[in-house]
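What follows is a single structure, written as structure tokens, with notes after it.
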Amino acid sequence: MGDQQQQQLILATGGYDHTIKVWQAHTGNCIKTMRFVETSQVNALDRTPDKTRLAACGYQCIRLYDLESNCTAPVINFDGVQKNVTRLGFQEDGNWMFTAGEDHHVRIWDMISAPPHCSRVFDCEAPVNSACLHPNQVEIGMGSQNGSVFLWDVKSEKHERIVPEVDASIQDVAISPDGRYLAAANNKGNCYIWTLTSSPDQKMSTLRPFKPIKAHKRYILRCKFSPDSKLLLTTSGDGTVGVWKTPDFSKCGELCIENYWVWDAAFSADSKWLFTASSDGVARLWKLETRSPIRDYTGHTKAITALSFKDEIVGK
């Protein structure tokens, strides 16, 4: 791998210390620190598809930062944001961004206009903890604090709602990159799997219950599929990351950070490596084959609650 390619391996982390740090993933060196908002932790991070900008969200705020300049201040502050914004992500061409929040709404932001503006809204009728985009770039999965899981077709405005478990808050949702599965994880430690099917004559994908997983003894914080769709991870307040293999969703591994919450995680694009963010203020790189950490990213002074990584490979 050439030096220029290595330079592009960027890990971003954010947390309770109100900062966002940008790291060279292959060295562990912090190359940039950006101030967030003094009144909020960082709830979620995502890079634009062209990898030039980084979006971050928190309490009453959404910020967009330029990764190619030396400027540490946001280049765009999104207007009219209320309550806690919990998730965000980009459509594959970067034409629009979605956000989810505790104001009960999932919003679509037109990123082509200047400044970006909200062009569409879905009301989940309860605070929304999570949202993710289907690989078809049309449907969004959502999870709310009242236990509802939604699938929303952004174009047709059609939607489907499911409640897999009463009196449980959905903490995260994920759709596999191959479009076959939707996962929803809750605060009781359970993760529910549905199959997703579609056909040309259908208006939107069909959800069919597939398997519940008793994944953790405590709160699940995140669930994510690997880029090759062969693995599902769950992170928890019990200090572990559970790794589950498709298609039967049997457990195939566990990563442990004892006595700390594992807030977030991200696969490398080749699905062989995993980054974790935890409440000890350290991000870690793990080799999944050996289930062992090989690099620490230290510099945050409080818990790391969000990270973003989208690159191909991170070295041996």
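Using the rule -39500 (n - 2.57) for each DSSP H run of four or more residues, divided by the residues of the chain, the 222 nm mean residue ellipticity is -500 deg cm²/dmol. Counting only GluC sites (Glu not before Pro) that DSSP places in a loop and that have at most 10 other Cβ atoms within 10 Å, the longest clean stretch of the chain runs over 158-257. By accessible area, using a 1.4 Å probe on protein heavy atoms only, the stretch 1-154 has 43% of its surface on carbon and sulfur.
In percent, rounded to a whole number, the relative contact order of the stretch 194-316 is 16, using alpha-carbon pairs under 8 Å and six or more apart.
Taking a ≥ b ≥ c as the square roots of the eigenvalues of the Cα gyration tensor, the chain is classed as rounded, since a/c falls below 1.5. Using heavy atoms of the protein chains and a probe of 1.4 Å, the accessible area assigned to D93 is about 100 Å².
Packing-wise, with mean Cβ within 10 Å as the measure, how do 82-89, 141-148, 19-26 rank, highest first?
Those peptides, ordered most packed to least, come out 141-148, 19-26, 82-89.
Looking at the stretch 92-172, which trypsin sites (Lys or Arg not before Pro) are DSSP coil and have at most 13 other C-beta atoms within 10 Å of their C-beta? Passing sites in the stretch 92-172 are K155, K158.
Within the accessible area of the stretch 173-316, what % is carbon and sulfur when the probe is 1.4 Å and the other protein chains stay in place?
50
Provide the per residue accessible area, probe 1.4 Å, for the stretch 196-316, rounded to a whole number of square angstrom.
Result: 46 Å² of accessible area for each residue.
Compute the distance from the alpha-carbon center of the stretch 87-113 to that of the stretch 274-300, in whole Å. After rounding, the separation between the Cα centres reads 28 Å. For the chain, averaging the sequence separation of C-alpha pairs within contact (under 8 Å, six or more residues apart) and dividing by the residue count gives a relative contact order of 12 percent.
When the Cα gyration tensor is reduced to axis lengths a ≥ b ≥ c, the ratio a/c is 1.5 or higher for the stretch 88-144, and with a/b not above b/c it is classed as oblate.
The values are calculated or read from the model by the stated rules, or taken from the named source; none is laboratory data. It should be emphasised that the depicted structure is a prediction, and the values quoted were computed from it without experimental measurement. Positions of Cβ are generated from backbone atoms using ideal geometry, with glycine treated the same way; all protein chains shown enter the neighbour counts. Accessible surface areas use protein heavy atoms only, side chains included; no ligands, DNA or RNA. Shrake-Rupley method; radii C 1.70, N 1.55, O 1.52, S 1.80 Å.
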